[in-house]
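Every number in this text was worked out from the coordinates using simple rules, so none of it is lab data. This one's a predicted model, so the numbers in the text were calculated from it and none came from an experiment. Positions of Cβ are backbone-derived with ideal geometry, glycine not excepted, and every protein chain shown enters the neighbour counts.
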Amino acid sequence: MNLTYYTNYSLRVMIYLGLHSTSLASITQISEAFGISRNHLIKVVHNLAKLGYLKTTRGRGGGLRLARDPKEINIGEVVRKTEANLNLVECFNTLGNTCPLTGACELKRMVLEAEEAFFSVLDRYTLADVLVRRKQMASLLGVTFTRQTPLWRQGCTSRRNGTNQRS
């Protein structure tokens, strides 16, 4: 099984925002931290905001933040909502299935069971679990680690720092 770049980038955006929790971040900051195309991230951020995972503020002093506490963001749910095609084998696709064995083959049942096990594991974790090694992760991305109150707890009163410094 291979998750798409879209899902991978969605998770990275939320990880970055979880690490950058005390001030707003920009798409450019995330793009530079991960070496990802800014244009790809614009689409990802738009979708994550539409799904209710992010809050975005436009204009001067604007930026991105998590909409919820990382403890409330389930990894399995995020993957299900961002992964466009979970048809691991052709017979999962009822419209495009051309396999002549579909009616007698047990492979579909086995792969479905494996997919359920995969999501069962992801469903046990939240974004907070991913962020357990916050200090190390923040250091690797050039994000200054602070112990201030995160934006999702304070209703987004902080503004992104106008300099390139990340807090």
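Key figures for this structure:
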item: Per-peptide average of other Cβ atoms within 10 Å, ordering 11-17, 42-48, 117-123 highest first; result: 11-17, 42-48, 117-123
item: For the range 5-154, convex hull volume per residue from C-alpha positions, Å³; result: 129
item: Pairwise label distance in nanometres, residue 94 with residue 4, each label 7 Å out on the Cα-Cβ vector; result: 2.1
item: Percent of alpha-carbon pairs separated by more than 23 Å within the range 1-90; result: 20
item: GluC sites (Glu not before Pro) within the range 100-140: DSSP coil, no more than 14 neighbouring Cβ in 10 Å; result: 106
item: Estimated FRET transfer efficiency when R0 is 30 angstrom, pair residue 128-residue 42 (beta carbons, to 0.05); result: 0.70
item: Which of 132, 57, 95, positive extreme of dipole for the range 5-154 (C-beta unit charges); result: 57
